[in-house]
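**Student:** The structure under discussion is supplied below as structure tokens; questions concerning it will follow.
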Amino acid sequence: MKLNHISILNYKNISQADLHFSEKLNCFFGLNGMGKTNLLDAIYFLSFCKSSLNPIDSQNMMHDQDFFMIQGFYEQLDGTAEEIYCGMKRRSKKQFKRNKKEYSRLSDHIGFIPLVMVSPADSDLISGGSEERRKFMDVVISQYDKEYLNTLIKYNKALAQRNTLLKNTEVVDEELFSIWEDMLAQTGAIIYEKRANFINEFVPIFQSIYSYISQNQEEVELIYNSHAAEGNLMETIQASRQRDLIMGYSLKGIHKDELSMHLGGFPIKREGSQGQNKTYLIALKLAQFDFLKRTGSSVPLLLLDDIFDKLDASRVEQIVKLVAGENFGQIFITDTNREHLDQILYKVGSDYKMFEVVQGVITDMNNDKES
């Protein structure tokens, strides 16, 4: 899949943009706060039906404006044209359309345009809570497995219902607990199996990419932990009910799953330097790209937002070599340092476009005109 053309109105600080892209490499440079990340976020929105940074759609609307619109014109590998439209008016529900036909469920769109984004916000994968690491697994698996996303929605519904019962100050019918606990156990078992299979396939790819970037200087691990691995999930959930009633929420289940991230046998959160943490995160996301490419029918878009900060020259060089290879399709990359982008262009040696971003205005340097 490649994005040929995007039109944007009133998205964050971008009042208007109409951009035509290279099928290989698209570079955006400018100072911090100019709107480079907002442009990548608009592309992300068209894949995931939401912003990568702010889940409240109305807050992504430009200040003092009453609507925003993002429209992408894509091309599949066989040349089939695809038009994806998202529009939202203030105090109204957003519309999401494929080829002018509105989706009845936004979940039906997830995975149609596979995309991987590497950004400074990824630091939450290491420093944040376990929900950030579960989200990482969910985002990857949902892009190639429709059943997974639907099962996860059912699980979260059952979890919300059980938590409501746990907070009830009156005596609750045993049968009601059993209904929601049975759904938690059934859907949880499916989710656990899919997560476990994903991690088993994913880890060797991740370790290989990390070794390449670090030039074999360090060893990394990614370990999946789940209550579902401890035995029968239904029995585990039921055994926890009395304690859950005291706490007012569910303590056991796949909503507590964790990914342990290790560097040299120790938690990277505690041991890793800034450069090692950044390398770990970039390797995770590039492994995500590789995995999606292997499992899907379309090459994902790759968005790289200011990824070279806090990395030494040798690691920057290794990453540049990696993304310049034939394994990657269409790439969108931002940086405040024009030299980094020029270095990538030299390595890639293929079709590219360069854009400058100033206060939300995006100029196509190839055409030397405002877009």
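Please treat every number below as a calculation from the coordinates, not as lab data. Just so it is clear, the model here is predicted, and its values are computed rather than measured. When we count neighbours, we look across all protein chains shown, and the Cβ atoms used for this are built from the backbone with ideal geometry, even at glycine.
**Student:** In the neighborhood of GLN65, defined by Cβ-to-Cβ distances under 12 Å, what is the net charge if each Lys or Arg adds +1 and each Asp or Glu adds -1?
**Tutor:** That sum, taken over residues with Cβ under 12 Å, equals +1.
**Student:** A further question on this structure: How far apart, in nanometres, would the label points at SER92 and MET365 be if each is projected 7 angstrom from Cα along the Cα-to-Cβ direction?
**Tutor:** It is 3.9 nm.
**Student:** Same structure again: Going 7 Å from the Cα of ASN337 along its beta-carbon direction, which residues of segment 92-134 have the amide nitrogen within less than 20 Å of the resulting point?
**Tutor:** What the label zone holds, given the 20 Å backbone N cut-off, is 118-123.
**Student:** Additional query: Suppose R0 equals 56 Å. What FRET efficiency, 1/(1 + (r/R0)^6) with r the Cβ-Cβ distance, do ASN216 and VAL171 give to the nearest 0.05?
**Tutor:** Between ASN216 and VAL171 the formula returns 0.35.
**Student:** Sticking with this one: Please work out the ratio of the alpha-carbon Rg of segment 127-297 to 2.2 N^0.38 Å and round it to two decimals.
**Tutor:** That ratio works out to 1.18.
**Student:** By a straight-distance test (C-alpha under 26 Å), which lysines pair with LYS256 as possible cross-link partners, with residues fewer than eight away in the same chain excluded?
**Tutor:** Here the lysines satisfying the reach criterion relative to LYS256 are LYS50, LYS135, LYS146, LYS154, LYS157, LYS167, LYS194, LYS269, LYS278, LYS285.
**Student:** Sticking with this one: Projecting each Cα onto the charge dipole of the chain (Lys/Arg +1, Asp/Glu -1 at the beta carbon, about the Cα centre), which of ILE209, PHE45, LEU311 comes out farthest on the positive side?
**Tutor:** Toward the positive end, the furthest listed residue is PHE45.
**Student:** Could you work out the relative contact order of segment 1-43? I mean the mean sequence separation of Cα pairs under 8 Å and 6+ apart, divided by the number of residues, in percent.
**Tutor:** Relative contact order here is 35 percent.
**Student:** If you stretched the chain out fully between ASN32 and GLU132, how much longer would it get, using 0.36 nm times the residue separation minus the C-alpha to C-alpha distance?
**Tutor:** 33.5 nm
**Student:** Please give the net charge around ASP309, taking every other residue with its beta carbon less than 14 angstrom from that of ASP309, where Lys and Arg add +1 and Asp and Glu add -1.
**Tutor:** Spelling it out: positives minus negatives among the neighbours equals -2.
**Student:** Using a cut-off of 12 Å between beta-carbons, work out the net charge of the residues near GLY265 (Lys and Arg +1, Asp and Glu -1, GLY265 not included).
**Tutor:** With Lys, Arg at +1 and Asp, Glu at -1, the net is -3.
**Student:** Let me ask something else about it. To make sure I understand, if each residue's beta carbon is the centre and we count other beta carbons within 10 Å, what order do HIS227, HIS20 fall in, fewest to most?
**Tutor:** Ordered from fewest to most neighbouring Cβ atoms within 10 Å, HIS227, HIS20 come out as HIS20, HIS227.
**Student:** Sort out for me the Cα centre separation of segment 179-257 from segment 107-172, rounded to whole Å.
**Tutor:** Value for the Cα centre distance between the two parts: 12 Å.
**Student:** List the GluC sites (Glu not before Pro) within segment 194-233 that DSSP assigns to loop and that have no more than 15 neighbouring Cβ atoms inside 10 Å.
**Tutor:** Qualifying residues, ordered by number: GLU219.
**Student:** Would you mind working out the magnitude of the charge dipole of segment 105-210 relative to its Cα centre, with +1 at each Lys and Arg C-beta and -1 at each Asp and Glu C-beta, to the nearest 20 Debye?
**Tutor:** Roughly 300 debye for segment 105-210.
**Student:** Okay, moving on. Once fully extended, how much extra length lies between ASN13 and TYR346, figured as 0.36 nm per residue of separation less the alpha-carbon to alpha-carbon distance?
**Tutor:** Full extension of this stretch gives 116.8 nm more.
**Student:** Where in segment 297-347 are there GluC sites (Glu not before Pro) that are in a DSSP coil and have at most 14 other Cβ atoms within 10 angstrom of their Cβ?
**Tutor:** GLU326
**Student:** Taking the chain, how much of its Cα-Cα pair set, in percent, is spaced more than 35 angstrom apart?
**Tutor:** 30
**Student:** Note down, for segment 236-371, the three equivalent ellipsoid semi-axes (square root of 5 times each alpha carbon gyration tensor eigenvalue), biggest first, whole angstrom.
**Tutor:** Output for segment 236-371: semi-axes of 40, 19, 17 Å.
**Student:** Sticking with this structure for a sec: Work out the charge dipole of the chain with +1 on the Cβ of Lys and Arg and -1 on the Cβ of Asp and Glu about the Cα centre, then indicate which of HIS340, HIS63, ILE141 is farthest towards its positive end.
**Tutor:** HIS63
**Student:** Another question, if that's okay. Run the numbers for THR164 and GLU102: contour at 0.36 nm per residue of separation, minus the present Cα-Cα distance, in nm.
**Tutor:** Between THR164 and GLU102, full extension yields an extra 19.0 nm.
**Student:** Could I get the Rg over Rh figure for segment 1-95? Both from C-alpha atoms, Rh via Kirkwood, rounded to two places.
**Tutor:** Ratio of gyration radius to Kirkwood radius for segment 1-95: 0.97.
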